[in-house]
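The values are calculated or read from the model by the stated rules, or taken from the named source; none is laboratory data. The model shown is predicted, which means the values in this text are computed figures rather than measured ones. Cβ: placed from backbone, ideal geometry, glycine included. Neighbour counts: every protein chain shown. For accessibility, only protein heavy atoms count, side chains too; no ligands or nucleic acids. Shrake-Rupley method; radii C 1.70, N 1.55, O 1.52, S 1.80 Å.
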Amino acid sequence: MSKLLIVESPSKAKTLEKYLGKDFKVLASYGHVRDLIPKSGAVDTEHDFAMKYEIIDRNSKHVDAITKAVKNADAIYLATDPDREGEAISWHIAEILKEKNLVKNKIMKRVVFHEITKSAVQHAIDEPRDILMPLVNAQQARRALDYLVGFNLSPLLWKKIRRGLSAGRVQSPALRLIVERELEIEAFKSQEYWTIHLDSRKHQHNFDAKLIQLDGKKVEQFTVINQDQQADIVGRLLLASAGKTTVSRVEKKQRSRSPAAPFTTSTLQQEAVRKLGFTTSRAMRIAQQLYEGIDIGGGAVGLITYMRTDSFSLAAEAIAQIRGYIKDNFSADYLPKLPIAYKTKSKNAQEAHEAIRPTDISRSPASVEQFLTPEQFKLYEIIWKRAVACQMAPARFDAVSVDLAIGSDANLFRATGQTLVFPGFIAVYMEGVDDAEEENETKLPALETGEVLDINKIYGDQHFTEPPPRYGEASLVKVLEEYGIGRPSTYASIISTLQDREYVLLDKKRFTPTDVGRVVNKFLTDHFTRYVDYDFTANLENQLDGVADGDMEWIPLLKEFWDGLHKQIDDKKDVERPGTELLDEACPKCGKPLSKQLSRYGSFIGCTGYNDTPKCDYKRNMAGEANASEPVTIGVDTNTGKDILLLNGPYGPYLQLGLPEADAKKKPKRVSIPKDIPVSSVDINVALQLIALPRDLGLHPETNKKVIANIGRFGPYVNHDAKFKSIPRTDSVFDIDLTRAVELLAQANSGPAPIKELGNHPTEDGQIAIYSGRYGPYVQHGKIRATIAKSQDPESLTLEEALELLAEKAAKEVPAKKKTIAKKAAPKKAAAKKSTVKKNSS
């Protein structure tokens with residue numbers, strides 16, 4: 001009996017082929033095979049939201065291969081990924097095969113496995129099922145919602161702001177989070193406050209205590225708010241103490257800390273950003289490689305379970321294996337009496353899968369390191385450690401709290417300390433944190449109530465309140481999940497879209513909204529409030545979950561959403577163009593009012609008489625540079641005493657150190673302002689950093705020659721011995737150190753590091769890999785480089801697609817042959833591209 005198994009990924013297909021017998025043929029769909037036609041009317045809102053699909057061009061040959069193989073197969077197993085997207089891909093493949101009448105009298109079933117191991121795959125084959133239409137309909141509803149927002153709201157942004165902008169059902173609320181945090185920071189007013197401390201000692205053991213009660217009243221954050229007040233309090237306490245303090249209370253107790261749950265998609269992304277410095281998309285790309293299979297000697301095997309999951313649960317077999325590992329490798333205290341169960345805290349958790357874990361806990365990171373790339377090893381290591389730690393005993397601490405009285409119990413200082421007495425899970429793994437201060441606790445000497453101690457000093461410590469931190473990738477993912485916005489599997493693409501649209505900048509690993517991002521957000525929050533509302537977006541996710549569970553119908557959901565959106569768009573067609581703000585200032589050239597306006601390069605101030613006859617072309621940038629001709633003084637350089645001037649040149653704005661002197665032979669120092677730094681944000685602090693360039697990072701350890709960091713026409717770079725290497729966005733020219741610069745220069749010497757390796761060329765020597773270039777991603781083999789289209793996700797590009805791109809590029813580079821005169825053949829009539837219309841059924 002001939003059997004055909006269809007999966008999404010070709011690398012997964014290679015791994016599965018070795019598990020299945022000769023009866024099986026394994027083919028890959030290379031992801032989605034059909035999508036909505038890319039034009040208006042793809043979702044027919046007048047006829048029950050009928051969806052018009054077409055085969056995706058780049059995957060048409062893979063569909064052809066599948067249909068050809070189906071003709072010779074007796075049974076077809078649809079083994080796409082175990083989630084809604086995977087269920088929908090299986091349904092699309094089934095629909096294509098049915099339309100071609102290829103499944104008559106053939107078995108066609110859906111099989112699902114969450115790890116690529118021989119036992120898991122065989123179990124799935126032994127227990128096939130039908131396609132679950134509630135999951136398919138949930139995915140179709142999500143795709144239709146995204147289409148209705150994108151195809152109807154984005155054109156309004158083009159008309160009202162500028163071309164090329166987009167709005168998204170989940171992307172726009174995510175942008176709102178970043179903009180609102182920035183507005184909080186801008187509105188924040190720092191407040192001064194003081195804490196009062198006492199330094200004491202016992203037997204040469206010094207320790208610190210903090211004032212918690214003054215004159216019988218609890219000390220709050222703003223009890224002491226200036227230097228005079230703290231000086232008065234410190235003076236009174238010193239007089240009352242006479243150099244001595246009395247121990248008034250000693251409290252001892254044991255504290256415990258439990259391990260974190262095993263990884264979900266969201267927590268893996270967060271931890272990979274925090275601990276490994278990965279981006280969310282990079283983390284998911286590497287996790288997919290570990291899931292689909294790595295050759296660890298003896299053939300490829302999946303090292304981790306499916307990486308798109310909201311579940312904290314582990315299979316009973318996995319828990320038993322982990323507990324067995326702990327029993328064999330740790331003392332009995334490290335193994336709890338009962339397995340530890342975890343419950344998800346996430347809103348809208350999807351259909352239950354397992355958490356992310358190793359497929360075999362006996363494959364320790366050290367045992368497989370030789371088979372993994374450094375990135376694969378780092379990610380596998382934290383997944384393995386987290387899985388082991390989640391079934392280990394809590395860590396235990398001896399905590400001590402001591403109150404010290406001065407004069408009487410009306411004035412109390414408190415000292416706290418803790419000692420780790422049993423590491424428990426900490427022996428294996430500790431979870432990272434975002435924007436949290438470490439507990440500043442010390443080990444205290446043994447103290448008894450009534451003891452009198454010497455005081456070293458009493459002093460005040462000045463503080464200022466700080467604004468909330470900007471979101472990084474990890475903290476943004478965390479808050480998106482807390483609000484129930486989107487799905488963990490989509491977070492990486494949401495973040496990439498916000499950056500690609502230039503709505504946000506990632507500076508020092510923190511997101512800052514651009515002028516365009518602010519204007520888009522203001523337009524959407526002012527006029528489409530409901531569609532960027534966090535609760536509305538999360539509730540829509542709840543409804544999609546209801547469709548997936550079979551509790552809701554998807555057509556009424558789409559109708560309710562579309563009726564509201566369609567009416568709102570009609571109502572807002574004639575609203576004023578955003579980004580224009582009238583100022584209480586007259587144009588110095590013609591006297592008409594000035595306004596703050598938005599261009600593709602950011603905000604500027606211009607005359608409202610620009611469209612009049614005759615027109616007034618007065619404008620200046622946000623730093624005050626009129627018509628890009630007069631220099632603007634930003635401040636004074638502390639090293640030279642010269643003014644730092646802002647000017648505009650043929651390649652954009654730049655800073656200049658002082659004006660040229662008449663008799664000077666040397667021109668003043670100039671530094672370009674990078675494109676990712678808005679001119680409006682160039683204050684004296686930014687200017688001083690820029691004008692200090694180039695930075696001397698030190699001597700290269702191999703050549704003993706200087707390494708410098710600087711900014712050129714094409715952005716920031718490091719330079720050593722006439723070799724240049726661009727500094728990636730994840731690093732800053734102001735903060736990069738010598739170690740990191742040497743790493744980058746090593747890449748320059750050996751060529752750039754690929755963002756994805758596709759494998760060896762099937763007929764020629766050499767590897768095929770994808771690289772990130774100045775003008776976008778490209779695929780390279782030998783000396784041939786082929787640009788990857790913007791519409792193509794480079795991370796999803798397959799080896800076969802790369803070969804096609806390289807072949808096309810190679811054909812173009814062949815020298816043109818001499819022209820020959822030949823009779824032209826009559827052009828064939830182009831076959832119209834067929835599209836299919838899905839009639840919705842409940």
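What order do E251, E354 take when sorted by accessible area (1.4 Å probe), most exposed first? Working shown, then result.
On the way: E251 80, E354 35 Å².
These residues rank, largest area first, as E251, E354.
Give the calculated FRET efficiency between F536 and K61 to the nearest 0.05, with a Förster radius of 51 Å applied to their Cβ-Cβ distance.
Details: r = 42 Å, r/R0 = 0.82.
So the FRET efficiency works out to roughly 0.75.
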>> Computing the accessible area with a 1.4 Å probe over protein heavy atoms, can you report the carbon and sulfur percentage for the chain?
In response: 50
> Order of 480-486, 568-574 by packing, highest average Cβ count within 10 Å first?
Replying inline: 480-486, 568-574
>> So I have (i) 51, 42, 30; (ii) 49, 34, 27; (iii) 68, 36, 25, and one of them is semi-axes √(5λ) of the Cα gyration tensor in Å calculated from this model. Which one is it?
In response: (i)
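What number do you get for segment 450-520 when its Cα radius of gyration is normalised by 2.2 N^0.38 Å, N = residues?
Compactness ratio reported: 1.91.
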> Which length gain, in nm to one decimal place, applies between R785 and A722 when the Cα-Cα distance is subtracted from 0.36 nm times their residue separation?
Replying inline: 20.2 nm
> For L505, which sequence-distant residues (separation of 5 or more, or a different chain) have an amide H within less than 5 Å of its own amide H, given hydrogens modelled in the peptide plane?
Replying inline: T512, T514
> Using a 1.4 Å probe, what is the accessible area per residue for the chain, in Å²?
Replying inline: 53
>> Please flag any cysteine in the chain that has no other cysteine's Cβ under 4.7 angstrom from its own Cβ.
In response: C390
>> With Kirkwood's inverse mean 1/r over C-alpha pairs for Rh, give me the Rg to Rh ratio of segment 394-528, two decimals please.
In response: 1.17
> About its Cα centre, what dipole magnitude does the chain give when the only charges are +1 on Lys and Arg Cβ and -1 on Asp and Glu Cβ, stated in debye to the nearest 20?
Replying inline: 3560
> Contour minus end-to-end for E46 and K667, with contour as 0.36 nm per residue of separation and end-to-end as the Cα-Cα distance?
Replying inline: 216.7 nm
> Which of A332, T280, P754 sits closest to the plus end of the dipole of the chain, meaning its Cα is farthest towards the positive end, when Lys and Arg get +1 and Asp and Glu get -1 on the C-beta?
Replying inline: P754
> Label points 7 Å out from Cα along the Cβ direction at E808 and K337: separation in nm?
Replying inline: 6.7
> In nm, what is the difference between 0.36 nm times the number of residues separating D507 and D454 and their Cα-Cα distance?
Replying inline: 14.2 nm
>> As I understand it, the dipole of the chain uses +1 on the Cβ of Lys and Arg and -1 on the Cβ of Asp and Glu, about the Cα centre. Which of A786, A355, Y291 lies farthest toward its positive end?
In response: A786
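How do 421-427, 101-107 rank on mean C-beta neighbours within 10 Å, highest first?
Result, highest mean first: 421-427, 101-107.
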> Under a 1.4 angstrom probe, counting protein chains only, how are F734, F523 ranked by accessible area, largest first?
Replying inline: F734, F523
> How would you rank 131-140, 701-710, highest first, on the average number of other Cβ atoms within 10 Å across their residues?
Replying inline: 131-140, 701-710
> In cubic angstrom, how much convex hull volume per residue do the alpha carbon atoms of segment 99-172 span?
Replying inline: 169
>> I want to check the label-to-label distance for K522 and E581. Put each point 7 Å from Cα in the C-beta direction and report it in nm to one decimal.
In response: 0.5
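Over 29 Å between Cα atoms: which of K104/K756; K385/K478; K52/K109; K252/K337 fall into that group?
Too far apart for the 29 Å limit: K104/K756.
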